[in-house]
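Remarks on the structure that follows.
No lab work stands behind these numbers, since they all come straight from the coordinates. From a predicted model like this one, the values you see are computed outputs, not experimental measurements. Backbone-built Cβ (ideal geometry, glycine too); neighbour counts: all protein chains shown.
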Amino acid sequence: MTKISVRRTASSLHRDSPIRSGEPMELLDEIESLIRNGRHPIAIEQLKKVQPSKLPPKAFLRFCSLARRAGSPMLAVRALNQRIHPSQRQVGGTDDEKAEYAAALIAIGAVSEGIQLLQTIDGSKTPAAFLFRSFAHMNLWEYSAALPLLESYVAHPALSPYEKLVGNVNLAGTEASLRRDGVAEQKPNAHIK
């Protein structure tokens with residue numbers, strides 16, 4: 001993959017360009033690949049060229065997730081804020097949007113607000129809520145609280161292989177931290193295959 005192909009696809013989503021059918025997901029696939037290959041600065045550069053309000057709903061949520069994962073959670077917070085807080089008196093958005101918003105809040109240090117929002121989401125229907133709550137607890141050095149959330153996450157049947165891998169890597173790290181602190185029993189790590 002080259003930067004040229006990303007720029008070509010990204011051009012249709014720039015601030016003043018109309019979106020052509022099919023292109024948003026192609027662009028987001030390319031940004032996903034950049035992130036998975038550790039090319040976060042290029043991914044962020046491409047994400048900053050996109051106007052999220054022009055994206056269809058599925059692509060919008062994916063944009064927010066990619067922004068957070070690339071290391072630019074404020075892009076996600078800004079994009080999701082109007083959907084999550086349409087007025088001062090109510091919380092809006094889908095559970096997936098709330099979960100992604102909460103994860104971005106946690107990433108920028110608003111851990112308490114992120115946890116509060118995640119506690120309103122049923123993890124059996126939105127498994128990312130388990131993962132993101134575990135991130136919040138790890139951020140607070142509360143690995144014992146993160147462990148059951150990660151176990152619930154990796155046991156969820158709707159996860160993709162990549163999501164399961166992410167969960168297992170975090171579960172292994174959490175268990176290692178607990179063993180180091182003498183909280184968990186010493187056992188070989190069976191989560192990473």
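With 0.36 nm allotted per residue and the present C-alpha distance subtracted, the Ser33-Asn81 stretch has 14.7 nm of extension available. For a modelled paramagnetic label at Ala158, 7 Å from Cα along Cα-to-Cβ, the residues of the range 94-124 in reach, with backbone nitrogen under 18 Å, are 94-103, 118-124.
Using 17 Å as the cut-off for backbone N distance, which residues of the range 130-164 belong to the label zone defined by a point 7 Å from the Cα of Arg179 along Cα→Cβ? Under cut-off, by backbone N: 143-144, 147-148, 151.
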